[in-house]
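Scroll down for the structure; my scribbles are underneath it.
The values are calculated or read from the model by the stated rules, or taken from the named source; none is laboratory data. What you see is a predicted model; the values in this text were computed from it and never measured. Every residue, glycine as well, gets a Cβ built from its backbone with ideal geometry; the counts of neighbours run over all protein chains shown.
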Amino acid sequence: MLANLRLSFLCFTSLTLSVVIPAPASVAYIVNCCNNASTVSLFGTSNNQQTAQWITAEGAFAVVFSPDGSKAYVSNEYSMSVTVVNVATGSTAATIPAGYAIEWMVLSKDGSKLYAESYDYAYESHLVQIDTATNTVTKTRGITGALGPMAITPDGKTIYVNSSFSNPGGVLVIDTATLKIKTTLSIGVGNGVALSPDGQLLYVPNFGIGPYSPNVAVIDTSTNTVVATVPLPPNLTPGYTEVSPDGSQLWVAESPYLASKWGIVVIDTKTNTISHTLSLPANSNPGAMVFAPNGKRAYVSNFDNSAFVVNVAMLKVVATINTPGSVNGLAVSPDGTILALPNTGTSHAGAFEQSTGTQLASIPVGSMLFGSQLYLEYGGAAVSADGSRAYVTNYASNNVSVIDTASKAVLTSVPVGSSPVDVVVSPDGSKAYVANSYSNTVTVINTNTFTTKTISMPQSTYPSAITMAPDGKHVYVAGDNVIPDFGTAKCYIFVLDTSTNQVTASIRIPYPMAVAASPDGTKVYAVGGSTTLYTISTATNTITASLLLENGGPTQPITSGIAVTPDGNKVFADDALGNKVYEVDATGNKLVGTINAGTVSGIMAVSPDGSQLWVGDYMGTAVTVVDVASFTVSNTIPLGNQSYGIAFGPK
């Protein structure tokens, strides 16, 4: 900002002093995936509040505590390792290379040996023995089959593990001294095993042999023979299983891969009969389960981004704990005070100093699952006007991570609709609006209470982007459609009145993929079919101009980058089919320039001072910084990942 101070002197001479007041420093939050470390979220069991977060490696899958609770072992599915964590400090004590796709683990009762399994390829697996004193692999054994959860006898001599696709299938009985298979219990394919506390009985929910007949096989471990069979409901597909600490209850979860009908079946182990069923909120799918050491609480992953707290005596869900990404092998510390929830998500929000491009922090958020999204719609980011919070959509986790920008840490993760792709924050910071692509909805988040409201779009579309008028009175949602549809789909820009949360207008636009509002609030820009920039009057909700950005462009574009300078004079859009970025003179609706940026240009944002345009990259691993005045590339910021959301906020 330039302030002119004019001082008049004798003889009518004058002196002009120019004082430059710099614009406030700003920080860019860039959401990127998928080569980042994942996390384990720790919650206090007394109040279900998050107390800490461990950063581990890629794809944290399961957690096992040492008998004294001083160490925790985290299997990392994508980084082929086991992370050893010092529980008191959260620091990494060791990283043990252990093989491909490490998932389930068991620890001997004395804590001296850790056994981890890897799923290698084409139904080939390995069982790995780790010496916990030296943190080294001491034995490995290849096994034909896809291994499931394991259980180890109290004396540490035998491991039982489900094996699918092996010949024969069933439960493998493995000698821990040699890792050789002693015998195979051919009782039908199962997804879980559990031992009674004294180790005398093994429980294996399975599909049955021959005609589908789901049951629980009860096995005497001294003879490895079936001594009882507990029939399960004929339309239940058994999944994971767990025994209560006192041995009185066996819980059998319905398979997490199918629609939930039964939830969890509770079996009385004295009578070997079903005593109760436990339904989860919203018919959620149960995943892995764990009991607190005192047996009063149990924790159930919903195979997504949360876990349920169950009062065992009441057999009732009493709380829900939300996490950034999918939860698998959860664990409770031996003293019962800590619940550890491993988060498989590997998306991070990198905080970067605008002026220098220096990274200030890398903040673990949720899950993206690179490659699963249609149209390269990977997600979005937004920062509140006061700069205190950043919001990030997590496409595969179906939630929004709320970041405290001062501490650079996630405050909470808010469940939203299916496959959220973009977010915008109201000017007063009280609400965030989230476009959910697969559920054709907008979620309104109360940012004080984190409660939500869902608004369905009036037409069947695939929301792809969202923006808000500067006065906060209206939200604009780009409602695209799924390809291919042979050019016949009806697509819209929906206008949402924020005072009523009602859609008040639907503007037909061919395949809108990106949307942005002008700073004065009089226009909304959208990029749609044939790579065309459309200008919409917010007063009349009608299209007032269109500009073809590229001759011969695709009829159904995959453009998802658009940005407007703070003065409203320039609009930038990209093609996202290659690496073109277009500069448009908004005052004359003219294309004035085209440059190349990155590999496949994506989400874009203009810095608050209007001097820079930051361009994300859907396929490359860097962000391109464009000087707005000269429309040339001025910097390239390496991320090591694909980027799918950029938002600026005050430092």
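Okay, here's what the table says:
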read-out: Residue pairs meeting the criteria (Cβ under 9 Å; at least 6 apart or on separate chains; first over 22 Å from Glu254 (Cβ atoms), in the stretch 196-219; second exposed (fewer than 15 other Cβ atoms within 10 Å of the Cβ) and among the acidic types (Asp, Glu)); value: Pro197/Asp246; Gly199/Asp155; Gln200/Asp220; Leu201/Asp220
read-out: Residue count, the stretch 134-152 (criterion: over 15 Å from Thr184 (Cβ atoms) and touching a Ser or Thr at 6+ places or on another chain (Cβ under 7 Å)); value: 1
read-out: Residues of the stretch 479-509 classified as at pLDDT below 85, within 30 Å of the chain's Cα centre (by Cα) and surrounded by fewer than 12 Cβ atoms within 10 Å (Cβ to Cβ), total; value: 1
read-out: Residue in the stretch 132-150 that is more than 34 Å from the chain's Cα centre (by Cα), of a type outside the set (Asp, Glu) and on the phi > 0 side of the Ramachandran plot present; value: no
read-out: Pairs, first under 25 Å from Ser419 (Cβ atoms) in the stretch 305-324, second part of a loop (DSSP other than H, G, I, E, B) and hydrophobic (A, V, I, L, M, F, W, C), C-beta under 7 Å, six or more apart; value: Ala307/Leu330; Phe308/Leu280; Pro324/Val365
read-out: Qualifying positions in the stretch 426-443 - under 27 Å from Ala489 (Cα atoms), buried (at least 19 other Cβ atoms within 10 Å of the Cβ) and not polar (S, T, N, Q); value: Tyr433, Val434, Ala435, Val442
read-out: Residue identified as of a type in the set (Gly, Ala, Ser) and either touching a Leu at 6+ places or on another chain (Cβ under 9 Å) or closer than 21 Å to Val527 by Cβ (or both) among Ala465, Ala432; value: Ala465
read-out: Some residue of the stretch 556-576 being modelled with pLDDT under 90, surrounded by fewer than 20 Cβ atoms within 10 Å (Cβ to Cβ) and out of contact with any Lys or Arg (no Cβ under 6 Å at 6 or more places or on another chain); value: no
read-out: Sole residue being on the phi < 0 side of the Ramachandran plot and touching a Gly at 6+ places or on another chain (Cβ under 8 Å), chosen from Asn641, Asn579; value: Asn579
read-out: Residue tally, condition in contact (Cβ under 8 Å) with a residue 24 or more places away in the chain, over 18 Å from Met368 (Cβ atoms) and in a strand (DSSP E or B), over the stretch 602-635; value: 13
read-out: Condition check for Leu533: closer than 15 Å to Val424 by Cβ and among the aliphatic types (A, V, I, L, M); value: no
read-out: Residue pairs meeting the criteria (Cβ under 7 Å; at least 6 apart or on separate chains; first closer than 17 Å to Val204 by Cα, in the stretch 247-265; second small (Gly, Ala, Ser) and modelled with pLDDT under 80); value: Glu254/Ser260
read-out: Scan of the stretch 103-126 for residues that are within 25 Å of Asp155 (Cβ to Cβ), not in a loop (DSSP other than H, G, I, E, B) and not polar (S, T, N, Q), ordered by number; value: Glu103, Trp104, Met105, Val106, Leu107, Lys113, Leu114, Tyr115, Ala116, Glu117, His126
read-out: Within the stretch 50-70, considering residues that are more than 18 Å from Ser301 (Cα to Cα) and of a type in the set (Gly, Ala, Ser), the one surrounded by the most Cβ atoms within 10 Å (Cβ to Cβ); value: Ala57
read-out: Restricting the stretch 52-94 to residues that are closer than 24 Å to Ser347 by Cα, at pLDDT 90 or above and among the hydroxyl-bearing types (Ser, Thr, Tyr), the residue that is nearest to the chain's Cα centre (by Cα); value: Thr56
read-out: Residue pairs meeting the criteria (Cβ under 6 Å; at least 6 apart or on separate chains; first more than 17 Å from Gly69 (Cβ to Cβ), in the stretch 280-302; second part of a loop (DSSP other than H, G, I, E, B) and acidic (Asp, Glu)); value: Gly295/Asp246
read-out: All positions within the stretch 75-102 that are of a type in the set (Val, Ile, Thr), crowded, with 18+ Cβ neighbours inside 10 Å and part of a loop (DSSP other than H, G, I, E, B); value: Val87
read-out: Matching residues in the stretch 212-262 - criterion: being under 21 Å from Ile159 (Cβ atoms) and of a type in the set (Ser, Thr, Tyr); value: Thr221, Ser222, Thr223, Thr225, Tyr240, Thr241
read-out: Selection from the stretch 355-409 of residues that are farther than 20 Å from Gly620 by Cα, assigned to a loop (DSSP other than H, G, I, E, B), at pLDDT 90 or above and not β-branched (Val, Ile, Thr); value: Ser355, Ser384, Ala385, Asp386, Gly387, Ser388, Ala406, Ser407, Lys408
